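Undergrad: Structure below; questions to follow.
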Amino acid sequence: MIKSKNHIHFGNCIFPLNQQFILSLVLFTGLLMACGHKTEVATDQKGEAFIDDLMDKMTLEEKIGQLNLVASSDFITGDFSATDIGKKVRDGKVGAILNIRSAEKIRTVQKTAIEETRLGIPILFGLDIIHGYKTIFPIPLGLSCSFDLDLIQKTARIAAQESSADGLAWTYSPMVDVSRDPRWGRVAEGSGEDTYLGCLVAEAYVRGYQGDDLSANNTLMACVKHFAAYGDAEAGREYNTVDMSKLTLFEYYLPPFQAAVDAGVGSLMTAFNEISGVPSTSNPYLLRDLLRDQWGFEGFTVSDYTSINELIEHGVATDTSQTAELAMKAGVDMDMQGSAYLNHLKDLVDEGKVSVDLIDQAVRRILEAKVKLGLFDDPYKYCDEKRLKTDIMNEEQLAAARESVAKSCVLLKNDNNLLPIQKDVRSIAIIGPLGNSKKDMLGNWMAAGEPEKAVTLLEGIKNKVGSDVRVQWTEGCKVNGTDKSGFTDAVNLAKQSDFIILALGEHGWMSGEAASRTDIGLPGVQNDLAEAVIKAGKPTTVVLFNGRPLAVTKLDEIAPAILETWFGGTQAGNGIADVLFGDYNPSGKLTMTFPRNVGQVPIYYNHKNTGRPIDPQRPGFKYLSKYIDSSNEPLYSFGYGLSYTTFKYDDFSVKVEADQIKIGVNVANTGDMDGEEVVQLYVQDKVGTITRPVKELKGFQKVMIKKGESKILNFTLIKDDLAFYHPDLSKSFEPGEFVFYVGGNSVETLTETLEVH
Ligand code: BGC
């Protein structure tokens, strides 16, 4: 018998608390008999005794079933138990399912597991809830540009509220893969190139999804992914090989995972890639030595989609039996969709190749997760038809979505203060293939998002200006393709309008998984469209929609204003309109460098100096680290983003007090509008026993400063904040000279140098 706060549970029969005493006194014996084949088990506070008890009763096959995660294609109509997955569930061969969206369907499947299996162990239902569930928020790369951790946490909280009402208990998020390569489509799912920011964002997501109490019915278990270094795929090609030094791995790629573990993330997913010859899914060093022994991770691990089976293609196994052996020994607890565990673990035990003890450890961790989520107390707790009406796409959630769109926008260019658009404008032309595309607004990984509910740019602008202003849209050209037949209409419309908004970029599906690009410019003939329309001579801004940094060098030359909006989700059009009309003064800053051309990639702000850095004193000198056909400088650097107001930095001071480094700076709003600024602090360690980056982000504060006012901002660092990994993988601080930089981006900064011992 499992007791919970609100329910009493006799085997698979659950009764509300107010009925429990009468029921238990009068019907106790009868009920136990009626619930028939169910095993009654006891639990203590931690669930350990309960799990011991349950595991004692489980056969090896039932244990292996718990390690099996199957993907459904959101099926289930008619008789579920007659389907293939239904049969597997009934046979106790499924521990978790991914890709079912709906409380009703999940209830049906759960019922089969609870009522038609010998032990009635609940199934864990998961989905890729990456940037919202029904209310879709901006893609994570966009959200990270807000530098607003509370906002990011809030979006994850809302995603958890919505999806947990619809049956789900587990999300495959956050994706914390640091990446320096915009060719890789999955940069859309992460928070960019910086490790320090990546750690803070990882924690914010975990806190948002899991809340304070994983057993609450409106929280989700998070799954940090993809462990590890997936973002450094060679040539930016999806699933490609990764080969890097341990120093780089430790310094830049692992910390966000450790931050998620420290924040209490419940599960972790392995990656598709190999690192230095060992696939992540068969990597005991990553999954046991680091994750368990050094970091103390207590949750469970899951492979990526069929990544266990893919060990054959990687060339470390000859058949699926061997893949199962390698993955289990390496420390992968759950097999996503490959059935390698299901089909081979029993034989591997019989052959003496895998111990039952190893399997028990994995099973225990998965059962623990189910206990933590409260699934044994009430397996239907996430199927709350009442909450479906109140907790999904309500006003507050939509307002948060709109705010997050505005805060994710990055103003890249604004010549002569062209933006914001004056409210007395009489006619607006929206020109371009992304001007009225609902589906594209949701970007990749749209969970249960409904494209028809997304607000396009055209709709957002219309909502903003009302019926007195003429707002028209013409496509001009497709996102991809060579057809220019729409240019004439586009130019004519531009000529008849007061203000032009060019809506350009990528389709939503052009970033995300399996969406690497070798050309990261504007696709198709969009540059030509922009040129033709801008030539019409009307005030014109570009609004960009994309899932990665784009090399928009040509656009930067010809367009007077450019607003980067990513894929904003359900409220995209409304949030962008807020920015375009100045109802929200843009404050977003890039979290990934925009290159001038694809040849500069990988390009990132915290690079090393080299022995022959560019020397402005010797402009004609050949033998320096540079290109002969391109500048080294990016188009837009990390941390960059304009505002409708201006900020002036002065009174920068850095001093050591006791064991702390105290940094102060005065930031004044010198423009005509109130505005938020992301004040960024960077540090360079001048001389080390190993080389150090030219600068590294060590702190930031997002502050609202009213026009004409100023604020003194203080940062405190300790020596540990300046520590770094050494070749023996120990982390320590080296005394010496440090350069401190503060500013509104990573390039234009005030500088102070200080000895720190
Ligand atoms: C992706 C994961 C995702 C999984 C389940 C894989 O292809 O790499 O990020 O969580 O599918 O959908």
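The values are calculated or read from the model by the stated rules, or taken from the named source; none is laboratory data. This is a predicted model, so every value here is computed, not measured. Reconstructed Cβ throughout: ideal geometry from the backbone, glycine too, with neighbour counts over all protein chains shown.
Undergrad: When the residues of region 202-217 are filtered to those that are in contact with a Ser or Thr (Cβ under 7 Å, 6 or more places away or on another chain) and either within 16 Å of the ligand (Cβ to nearest atom) or in contact (Cβ under 8 Å) with a residue 60 or more places away in the chain (or both), which remaining residue is farthest from ASP377 (Cα to Cα)?
TA: Filtering region 202-217 for residues that are in contact with a Ser or Thr (Cβ under 7 Å, 6 or more places away or on another chain) and either within 16 Å of the ligand (Cβ to nearest atom) or in contact (Cβ under 8 Å) with a residue 60 or more places away in the chain (or both), the one farthest from ASP377 (Cα to Cα) comes out as TYR205.
Undergrad: A further question on this structure: Kindly indicate which of VAL363, VAL349 is over 28 Å from SER173 (Cβ atoms) and touching a residue at least 40 places away in the same chain (Cβ under 8 Å).
TA: Answer to the check: VAL349.
Undergrad: So how many residues does region 325-347 have that are away from the ligand (no atom under 16 Å from the Cβ) and touching a Phe, Trp or Tyr at 6+ places or on another chain (Cβ under 9 Å)?
TA: 2
Undergrad: While we're on this one: Would you confirm, using the coordinates I've provided, whether THR306 is under 21 Å from MET221 (Cα atoms), touching a strand residue (DSSP E or B) at 6+ places or on another chain (Cβ under 8 Å) and either at pLDDT below 95 or not basic (Lys, Arg) (or both)?
TA: So THR306 fails the test.
Undergrad: Assess whether ASP350 counts as being within 22 Å of GLN210 (Cα to Cα), more than 16 Å from the ligand (Cβ to nearest atom) and among the acidic types (Asp, Glu).
TA: no
Undergrad: Among PRO613, PRO586, PRO619, which is the only one that is touching a strand residue (DSSP E or B) at 6+ places or on another chain (Cβ under 7 Å) and assigned to a loop (DSSP other than H, G, I, E, B)?
TA: Step by step, each of PRO613, PRO586, PRO619 is checked, and only PRO586 is touching a strand residue (DSSP E or B) at 6+ places or on another chain (Cβ under 7 Å) and assigned to a loop (DSSP other than H, G, I, E, B).
Per-residue answers, yes or no, for (1) in contact (Cβ under 8 Å) with a residue 24 or more places away in the chain; (2) acidic (Asp, Glu); (3) touching a Leu at 6+ places or on another chain (Cβ under 7 Å); (4) under 18 Å from SER730 (Cα atoms):
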| residue | (1), (2), (3), (4) |
| --- | --- |
| SER245 | no, no, no, yes |
| TYR252 | yes, no, no, yes |
| PRO256 | yes, no, no, yes |
| GLY264 | yes, no, no, no |
| SER280 | yes, no, yes, no |
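Undergrad: If you don't mind, there's one more thing I want to ask. Which residues, counting only those in region 218-229, are away from the ligand (no atom under 16 Å from the Cβ) and either in contact with a Gly (Cβ under 7 Å, 6 or more places away or on another chain) or outside any loop (DSSP other than H, G, I, E, B) (or both)?
TA: THR219
Undergrad: Also: Can you tell me which of (1) crowded, with 21+ Cβ neighbours inside 10 Å; (2) in a loop (DSSP other than H, G, I, E, B); (3) more than 16 Å from the ligand (Cβ to nearest atom) is the one ILE308 doesn't meet?
TA: So the condition that ILE308 fails would be (3).
Undergrad: Looking at region 89-103 only, could you name the residues that are away from the ligand (no atom under 16 Å from the Cβ) and either under 28 Å from the mean Cα position of the chain (by Cα) or closer than 21 Å to CYS223 by Cβ (or both)?
TA: SER102, ALA103
Undergrad: Within region 150-166, does at least one residue satisfy the condition of being more than 14 Å from the ligand (Cβ to nearest atom), part of a strand (DSSP E or B) and either in contact with a helix residue (DSSP H, G or I) (Cβ under 9 Å, 6 or more places away or on another chain) or closer than 30 Å to GLU676 by Cβ (or both)?
TA: yes
Undergrad: Within region 173-190, how many residues turn out to be within 15 Å of the ligand (Cβ to nearest atom) and either buried (at least 24 other Cβ atoms within 10 Å of the Cβ) or under 16 Å from PHE700 (Cα atoms) (or both)?
TA: Residues flagged as within 15 Å of the ligand (Cβ to nearest atom) and either buried (at least 24 other Cβ atoms within 10 Å of the Cβ) or under 16 Å from PHE700 (Cα atoms) (or both) within region 173-190 amount to 12.
Undergrad: Of the conditions (1) out of contact with any strand residue (DSSP E or B) (no Cβ under 8 Å at 6 or more places or on another chain); (2) closer than 14 Å to PRO182 by Cβ; (3) away from the ligand (no atom under 16 Å from the Cβ), PHE487 clears all except one; give me its number.
TA: Failed condition: (2).
Per-residue answers, yes or no, for (1) surrounded by 19 or more Cβ atoms within 10 Å (Cβ to Cβ); (2) of a type in the set (Val, Ile, Thr); (3) closer than 15 Å to ALA577 by Cβ:
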| residue | (1), (2), (3) |
| --- | --- |
| ILE431 | yes, yes, no |
| LEU442 | yes, no, no |
| GLU452 | no, no, no |
| ASP468 | no, no, no |
| ASN480 | no, no, no |
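Undergrad: Does region 584-593 include one or more residues that are in the same structural domain as LEU442 (by TED's automatic domain parsing), within 25 Å of VAL425 (Cβ to Cβ), surrounded by fewer than 24 Cβ atoms within 10 Å (Cβ to Cβ) and out of contact with any Ser or Thr (no Cβ under 9 Å at 6 or more places or on another chain)?
TA: So far as region 584-593 goes, yes, one or more of its residues are in the same structural domain as LEU442 (by TED's automatic domain parsing), within 25 Å of VAL425 (Cβ to Cβ), surrounded by fewer than 24 Cβ atoms within 10 Å (Cβ to Cβ) and out of contact with any Ser or Thr (no Cβ under 9 Å at 6 or more places or on another chain).
Undergrad: For region 122-163: of the residues being surrounded by fewer than 24 Cβ atoms within 10 Å (Cβ to Cβ) and of a type in the set (A, V, I, L, M, F, W, C), which is farthest from ARG402 (Cα to Cα)?
TA: LEU149
Undergrad: Go through (1) farther than 24 Å from GLY277 by Cβ; (2) without any contact (Cβ under 8 Å) to a residue 60 or more places away in the chain and name the single condition LEU326 misses.
TA: Answer for LEU326: the failing condition is (1).
Undergrad: Can you spot a residue in region 268-276 that is within 16 Å of the ligand (Cβ to nearest atom), of a type outside the set (S, T, N, Q) and part of a loop (DSSP other than H, G, I, E, B)?
TA: yes
Undergrad: Determine if region 174-191 includes at least one residue that is assigned to a strand (DSSP E or B), of a type in the set (Val, Ile, Thr) and modelled with pLDDT of 95 or more.
TA: no
Undergrad: Within region 511-561, which residues are in contact with a helix residue (DSSP H, G or I) (Cβ under 6 Å, 6 or more places away or on another chain), small (Gly, Ala, Ser) and farther than 25 Å from ALA406 by Cα?
TA: Selection gives ALA515, SER516, ALA532, ALA536.
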